[in-house]
Amino acid sequence: QLFAGLNELREKHPFIGEVRGLGLMIGMVLDRPAKPLQDICTENKLLCIATAGNVIRLLPPLTVTAEEVKQALGILERACDEWSNTLA
């Protein structure tokens, strides 16, 4: 569900180049530095990390529920929308 939701987000935001991962370790490759997006997510209570300069890494626990995934995707979508508005 998380991987599919991130791919939907990729279709909406052209700065997301690729969604990749293994198991629950998932990364979104961006076409620009990821730190500003990490900061917005953190302000909205979603922990993620900017790695390799342009990758947002998500690593939810094995006990993550479908509702928690839905909440995380909502926060991430709002963060991407907010970040897009600052880039325009």
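Accessible surface area normalised per residue over the chain is 60 Å², counting heavy atoms of protein chains with a 1.4 Å rolling probe. Helix 66-87 axis versus longest C-alpha principal axis of the chain: approximately 0°, rounded to the nearest ten.
Tell me what the chain gives for mean residue ellipticity at 222 nm when only DSSP H runs of n ≥ 4 count, each as -39,500 (n - 2.57), the sum divided by the residue total, rounded to 500 deg cm²/dmol. Intermediate values should be presented prior to the final figure.
Numbers: 3 runs with 42 residues, N = 88.
It lands at -15500 deg cm²/dmol.
Using C-alpha pairs under 8 Å with a sequence gap of at least 6, the mean separation divided by the residue count of the range 40-86 gives a relative contact order of 38 percent. Ranking T65, I26, L6 by Cα position along the charge dipole of the chain, where only Lys, Arg, Asp and Glu carry charges on their C-beta atoms, puts I26 farthest toward the positive end. The relative contact order of the chain comes to 27 percent, based on Cα pairs under 8 Å that sit 6 or more residues apart.
Tell me the Kirkwood hydrodynamic radius of the chain in angstroms, computed as one over the mean inverse distance between distinct C-alpha pairs. Here the Kirkwood hydrodynamic radius works out to 12.8 Å.
The values are calculated or read from the model by the stated rules, or taken from the named source; none is laboratory data. Model, not experiment: these values are computed from the prediction. Note that each Cβ is placed from the backbone with ideal geometry, even for glycine, and that neighbours are counted across all protein chains shown. Accessible surface is based on the protein model in full, side chains and every heavy atom, while ligands, DNA and RNA are left aside. Shrake-Rupley method; radii C 1.70, N 1.55, O 1.52, S 1.80 Å.
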